[in-house]
Every structure is written in structure tokens, then in C-alpha cells.
1. How large is the convex hull of the C-alpha atoms of the range 4-58 per residue, in Å³?
2. Give me Arg28, Arg18 sorted ascending by neighbouring Cβ count inside 10 Å, so fewest comes first.
3. Amide H neighbours of Val36 under 5 Å, at least 5 residues apart or on other chains, H built in the peptide plane: list them.
Amino acid sequence: MLSLYDYKKKAAGKEEGRQVYTVAKQLRIRVGNKHVDNPKYRGAVLTYPNSFLNFYYNELPEIQYGQTVPVEIN
């Protein structure tokens with residue numbers, strides 16, 4: 001399970017985080033959390049399976065926040 005920061009090696013921001021979370025929930029992906037404590041951020045962050053993040057960033061067409069994502073599940 002990786003946070004968006006761990007996956008991208010940079011901060012994703014609130015809007016991108018909302019988009020990723022929305023798609024994860026639509027696809028019923030297990031979302032975890034972890035506590036972060038560093039000079040720039042202190043608090044909880046969401047974590048996702050690496051396979052989901054690969055799918056989200058490499059295979060999904062660009063989406064707008066709030067859109068339903070059409071996905072075929074075989």
C-alpha cells in the first residue's frame with residue numbers, strides 16, 4: 001500500500017487526491033491510511049495498492065473530478 005507521495009515521489013495535492021480516492025471507491029479498491037510526520041506535513045494520508053495506482057496513472061483516460069469512470073470488469 002502506497003500513498004500518492006510515495007508513488008509519485010512528489011505531493012499530489014488535494015484535488016488529485018480526491019480524484020484518486022473517488023475512482024478507488026467506485027472500483028471498490030481497498031483504501032488504507034498511515035500517519036505521516038515530517039517538516040512539511042503532519043497527519044493521516046490515504047494509501048492504495050500499487051497495482052491500482054499503476055492502473056490509475058497509466059491506463060485510465062484523463063478524467064475530471066466528479067465524473068463516473070466507465071470500467072469493464074472481466
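Nothing in this text is a laboratory measurement; each read-out follows from the coordinates by a stated rule. If you're wondering where the values come from, they're calculated on a predicted model, not measured in any experiment. When we count neighbours, we look across all protein chains shown, and the Cβ atoms used for this are built from the backbone with ideal geometry, even at glycine.
1. So the per-residue Cα hull volume is 77 Å³.
2. The most exposed by this proxy come first: Arg28, Arg18.
3. Gly43, Ala44, Val45
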